[in-house]
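Reading through the structure tokens given below for one structure.
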Amino acid sequence: FTIDAGGDIFLDADGGQVYFQDGGVLHGSIDMTSGLIFRNHVSDADVHIQGNDGGSNINALTLDMSQAGRATFNEGIVLKSSKAGDFGVNINTLAGDSMQLQVVDTSSAGAAHGSIEVSDGHLTLDAAGEIHLDADDGIIRVRDDGGDYGMFQISNSDFIIRSMVSDKDLVFKGNDNGSVFTALTLDMSNAGRAIFNAGGTFNDHVYFGDNDKAVFGGGDDLQIYHDGTHSYINSSTGSLYAR
């Protein structure tokens, strides 16, 4: 049965419903009573939007009705920004439910990697609660334009902070009454030598390796040399003891 018109074809249903049946069995309908609703009437039967890509038929979009309408896109999603310049994707969950963004490996030749890229501007992670970084390999890398600069690593339950660039320091900065300053520098071109900006307070023993020295004050004002034994200074007499 063919409907062929030289102009347009109009379906005008004053009842607001257009039904699609097969052998008297209702499969789908278009409901115009409150907006425009496309409805699948068969229990758990999916809705497919198909097309032709280079001569091959594809499922561009599948709506899984046995999974509350979960959408499966065949090849990615591109979301355009609004004319105002701002665009947001809102994922609404019921109370107590979790939101998940998952990359699932579907037996591809290589590993299924995930990537969030912002071509221009900043990326902000904003949570009302905590932010968790969970890497099963125990490594979180800090990169700039693809180059490795730093790494957080878990090894045998030890937490490691590592500078990846040869001879580049680890620098700890802070804010003192509005002024940014360097509190501590670990000099990686000098085996990690620690340089404290304003001295240090130690609540327990301080140990130095054999043949090393601690330098206090500017230049060589005061030096304490280690002679290979465990040494200490008597605070009452100022004398140096070996034990």
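The values are calculated or read from the model by the stated rules, or taken from the named source; none is laboratory data. This one's a predicted model, so the numbers in the text were calculated from it and none came from an experiment. FYI the Cβ positions are ideal-geometry reconstructions off the backbone, even for glycines, and counts take in every protein chain you see. Calculation scope for accessible area: heavy atoms of the full protein, side chains included, ligands and nucleic acids excluded. Shrake-Rupley method; radii C 1.70, N 1.55, O 1.52, S 1.80 Å.
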Next on the checklist: Testing the spin-label approximation: label points 7 Å from Cα along Cα→Cβ at ALA13 and ASN40. State their distance in nm.
Outcome noted: 1.8
Checklist entry - Using θ = phi - 60° and the Karplus form 6.51 cos²θ - 1.76 cosθ + 1.60, what ³J(HN,Hα) does each residue of segment 66-71 get, whole Hz, x for Gly and Pro? => result 7, 10, 6, x, 4, 9
Item to check | Residue-level accessible surface for ILE58, protein heavy atoms, 1.4 Å, Å² | outcome: 50
